[in-house]
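Report on the following structure.
Bear in mind these aren't lab numbers, they're just calculated from the coordinates by the rules spelled out. Computed from a predicted model, the values in this text were never measured in an experiment. Methodologically, a virtual Cβ is constructed for each residue, glycine included, from the backbone with ideal geometry; neighbour enumeration extends over all protein chains shown.
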Amino acid sequence: AQSVTQLGSHVSVSEGALVLLRCNYSSSVPPYLFWYVQYPNQGLQLLLKYTTGATLVKGINGFEAEFKKSETSFHLTKPSAHMSDAAEYFCAVSENSGYSTLTFGKGTMLLVSP
Amino acid sequence: EAQVTQNPRYLITVTGKKLTVTCSQNMNHEYMSWYRQDPGLGLRQIYYSMNVEVTDKGDVPEGYKVSRKEKRNFPLILESPSPNQTSLYFCASSNQGGHGYTFGSGTRLTVV
């Protein structure tokens with residue numbers, strides 16, 4: 001069985017500060033890991049994904065995440081927050097790239113202040 | 001444009017009145033799935049389908065039905081909606097190959 005834990009339901013940062021959103025997973029098989037973003041009143045947009053290969057994954061809008069197997073983590077970072085980054089972020093895990101259940105964390109709301 | 005289309009976007013209905021939320025994808029994806037999103041709970045899977053005529057329960061299937069008669073369509077049926085089914089619903093589709101899942105824009109359902 002898979003599960004995802006996102007530490008912190010809300011994270012507040014100032015514009016220009018580092019963004020760090022934490023995600024830990026459990027999986028009985030090598031995981032495929034995803035980060036999605038949801039802007040208010042919109043659907044989910046894929047930020048980035050890890051399948052195999054390089055453990056540092058770069059996504060859209062300047063975000064990146066690093067897969068650390070020993071820590072079962074896939075934390076999302078961005079060096080400098082922008083007001084437009086304010087949204088809810090979901091970490092998710094599946095057993096393969098797109099042919100099995102995608103299990104989500106409960107989400108982290110990112111608040112960006114001027 | 002590759003997309004997953006859900007209808008309606010918003011729906012208010014009364015307890016017990018059967019309703020269907022439609023989902024259609026134009027990417028020839030084999031895998032389709034329904035999720036509900038509730039505050040503080042994230043997204044939870046209701047049902048999924050790995051191909052035509054193949055469906056299975058997710059984590060929260062009670063009170064829902066699905067069908068997969070065609071590859072592109074995966075409607076969600078609430079035979080007798082209840083207020084605890086008030087939620088935001090998302091349809092998603094995917095294929096093998098590492099491209100991830102494509103989500104629809106969501107259907108906000110209110111059952112009064």
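For A:Lys69, the lysines whose Cα comes closer than 23 Å to its Cα, not counting residues fewer than 8 places off in the same chain, are A:Lys49, A:Lys58, A:Lys78, A:Lys106.
Sorted from greatest to least, the principal axis extents spanned by the alpha carbons of the stretch A:13-114 come out as 42, 28, 19 Å. Here the gap between B:Ala2 and B:Lys17, fully extended at 0.36 nm per residue and compared with their Cα-Cα distance, gives a gain of 2.1 nm. Projected onto their three principal axes, the Cα atoms of the stretch B:1-63 cover extents of 35, 26, 25 Å, largest first. Structural size metrics of chain B, computed from C-alpha coordinates, are Rg and Dmax of 13.2, 42 Å. Hey, which lysines would be in cross-link range of B:Lys71, C-alpha to C-alpha under 21 Å, not counting anything within fewer than 8 residues on its own chain? Reachable lysines: B:Lys57. The Cα-based radius of gyration and maximum Cα-Cα distance (Dmax) for the protein assembly as shown are 17.5, 52 Å. Here's the picture: a label point sits 7 Å out from the Cα of A:Thr72 along the beta-carbon direction, and within the stretch B:43-57 nothing has its amide nitrogen under 16 Å of it.
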